[in-house]
Amino acid sequence: MAHSPENTPRPLTAEPSRALTGHLRVPGDKSISHRSLIFGTLAVGETVITGLLEGDDVLATAEAMRRLGATVTREVDSHGKPVWHVWGVGVGGLKAPEEALDFGNAGTGARLVMGLVAGHPITATFIGDASLSKRPMGRVTTPLALMGATFQAREGTRLPLTLTGAPRTLPITYELPVASAQVKSAVLLAGLNAPGITTVIEPVPTRDHTERMLKAFGATVEIVPHGNKGGLEIRLTGEPELTPCPIIVPGDPSSAAFPVVAALITPGSEIIVEGITLNPHRAGLYTTLIEMGGDIEVMNQREEGGEPVADLRVRSSALKGVIVPPERAPSMIDEYPVLAIAAAFATGDTVMNGIHEMRVKESDRIAATAAGLRHNGVKVHETDDGMTVEGRAGHVDGGGTVTTHMDHRIAMAFLVMGLGAQKPVTVDDAAMIATSFPDFLPLMRRLGATFAGSGQ
C-alpha cells in the first residue's frame, strides 16, 4: 500500500515558495476515522459516517471490518461528498475472516483491531507492508494475553501475526507502562466482550477518542483521576449493546500541521484551516507553535460529534526556540517531525524530550528527522528519547535529499521545509503520503506551493 504498484520509489522536490494563501479543509481525522469504522462494526444496525479520511490506512481498516462480518459501503451525496455506511454485527458477533487482515502501513488500525479480535473467540492473521512488519506489537499483545488471547508471530512480536481471541474474555486492570492511546484502546476494545469491569490506568492522559466514542455508542465508561500527577483511570463496563449514531469526522490536526507550519515559515503567507478538532489531547503542537511566537488565531470554536472543533487563521511568523514539556508529548507525538522543521526556522534552540515512542513509529522518526535536518544544513543533537534543533533564524539552506524510510510524515515534513528554505528540498519517495493525506499535494499547490518529480 505504501509504494506505487511497481514498488518503485517516487522522489519529489519542493521548491522555495512564494507566499501561501487561501482557505483549506484538511482530510478527516485519522484516529477518529479508524474508530468510527470499528465502533460501527460493533453496533447493532447502521452507522452513517461523513468526513471519513479516505487514505490507504483507513481504507485498510474498512476492508478488515468487511472481512470480520460488517457490511461497509460508500456512496456520494447530492453535494458530491462521500458518505460511508456500516451495518454492524454487535459486540460478540464478529466472524473469523477467511483471508488475512492486511493493514498496509497502518499501525493504528492493526493495533486497535488486535484488541477487537482478542475479545472474540475467533482466529485472524494480521499482515502489513515492509514498514509495518518492522514495528513491534508486544506492547499491545502483552495486555491482550492477560485477557486470554494467544499469539503466533515473528521474533519481536512482529507481523505477520496470528491472533486467537479468548474463549471467554477476562476483564483486567492494566496500568500502561508507557502512555499510549493505541494500547489503551486495544484493551478497552477487548474489554467490550468481557463480563464485569475492564480498567486501564494511564500515567499521562492520551488522546481520548475511544472513550468519547464508547459513550456516544452507549457504553458505560467512567473516568476518574489516578494518583497526584494527572493520571487517569478508565473503567469500562463490558458486554454492552452498542447503538449506532451518526459520526461527523472533524479535520485531522496531524494533517493540518503541515500547511500550518508551511504558512508560518514561508514569508508573507496567510491561510485559514477550517474545521479541525482541537481536542486537548491532540492540540499540543498548536500550543507549542503559539509559544514559539506563531501567529495562529483560533476562530469559530464549536462542538461536532462530541469533539471540540475550530478554524485556524495562520500567518507567517518569526519563531523562537522553546523547551517543549515532555508531558506534552502524548498530545502531539505524530507532529514532532514537522515541529522540528518549524524549529529549524526559529531563532535559538528547540528542545524536544520524552519522545522515545517516535523511535517505533513507521520509521525511527528521531533518527530520520535528525538525518534530514543535517542534510539541509541544520544542526541537531540527538538523544535516546529526544533531540535539540539549533534554529537558523529563518535562513535554512535546504538543497538536500532526505531518506523517508517509507514514512509519510517524514516525507511531508521535509517537503514543507523545501517551501521555506533557500534551496529546493527533495524526498526520496513521496508515494506513501497517500496513507494519511491523499490530497496533500493538490491542496498545497492550491495555496501556491510548487513541487516537481515523479512522486506528484
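The values are calculated or read from the model by the stated rules, or taken from the named source; none is laboratory data. A quick note: this is a predicted structure, and the numbers were derived from the prediction, not measured. Cβ coordinates were reconstructed from backbone atoms using ideal geometry, including for glycine residues, and neighbour counts include every protein chain displayed.
Brief remarks follow.
- Looking across L441, L415, L447, one residue alone is under 19 Å from the mean Cα position of the chain (by Cα) and surrounded by fewer than 24 Cβ atoms within 10 Å (Cβ to Cβ). It is L441.
- A310, sole failed condition from (1) out of contact with any Leu (no Cβ under 8 Å at 6 or more places or on another chain); (2) more than 29 Å from S133 (Cα to Cα); (3) among the small types (G, A, S): (1)
- Identity of the residue in the stretch 183-203, touching a residue at least 40 places away in the same chain (Cβ under 8 Å) and surrounded by fewer than 20 Cβ atoms within 10 Å (Cβ to Cβ), that ends up nearest to the chain's Cα centre (by Cα): I197
- If you go through the stretch 401-412 and keep only what is crowded, with 24+ Cβ neighbours inside 10 Å and without any contact (Cβ under 8 Å) to a residue 40 or more places away in the chain, you end up with just V402.
- Residue in the stretch 421-438 that is surrounded by 24 or more Cβ atoms within 10 Å (Cβ to Cβ), among the acidic types (D, E) and more than 27 Å from R315 (Cβ to Cβ) present: yes
- Test: residue in the stretch 285-297 that is more than 27 Å from E382 (Cβ to Cβ) and either surrounded by 21 or more Cβ atoms within 10 Å (Cβ to Cβ) or touching a helix residue (DSSP H, G or I) at 6+ places or on another chain (Cβ under 8 Å) (or both): yes
- In the stretch 217-262, of all residues being of a type in the set (G, A, S) and touching a helix residue (DSSP H, G or I) at 6+ places or on another chain (Cβ under 6 Å), the one that is farthest from P308 (Cα to Cα) corresponds to G238.
- Answer residue from the stretch 416-456, given it is of a type in the set (A, V, I, L, M), out of contact with any helix residue (DSSP H, G or I) (no Cβ under 8 Å at 6 or more places or on another chain) and under 18 Å from P16 (Cα atoms) and is modelled with the highest pLDDT among those: A421
- I49 meets the conditions (1) at pLDDT 95 or above; (2) within 23 Å of N279 (Cβ to Cβ); (3) assigned to a helix (DSSP H, G or I) in every case but one. The failed one is (3).
- Some residue of the stretch 342-360 being in contact (Cβ under 8 Å) with a residue 12 or more places away in the chain, of a type in the set (D, E) and under 25 Å from T13 (Cα atoms): no
- Odd one out for S180, checked against (1) at pLDDT 95 or above; (2) crowded, with 19+ Cβ neighbours inside 10 Å; (3) under 22 Å from the mean Cα position of the chain (by Cα): (1)
- Of the strands (runs of 3 or more DSSP E) that lie entirely inside the stretch 88-177, those containing 2 or more residues that are within 24 Å of G69 (Cβ to Cβ) span 123-127, 150-154, 158-164.
- Considering the stretch 94-120, and only residues there that are free of Cβ contacts under 8 Å to residues at least 40 places away in the same chain and within 26 Å of P195 (Cα to Cα), the residue that is nearest to the chain's Cα centre (by Cα) turns out to be P97.
- Residues in the stretch 123-148 that are among the aliphatic types (A, V, I, L, M) and farther than 17 Å from A100 by Cβ: V140, L144, A145, L146, M147.
- Residue in the stretch 201-208 that is aliphatic (A, V, I, L, M) and at pLDDT 95 or above present: yes
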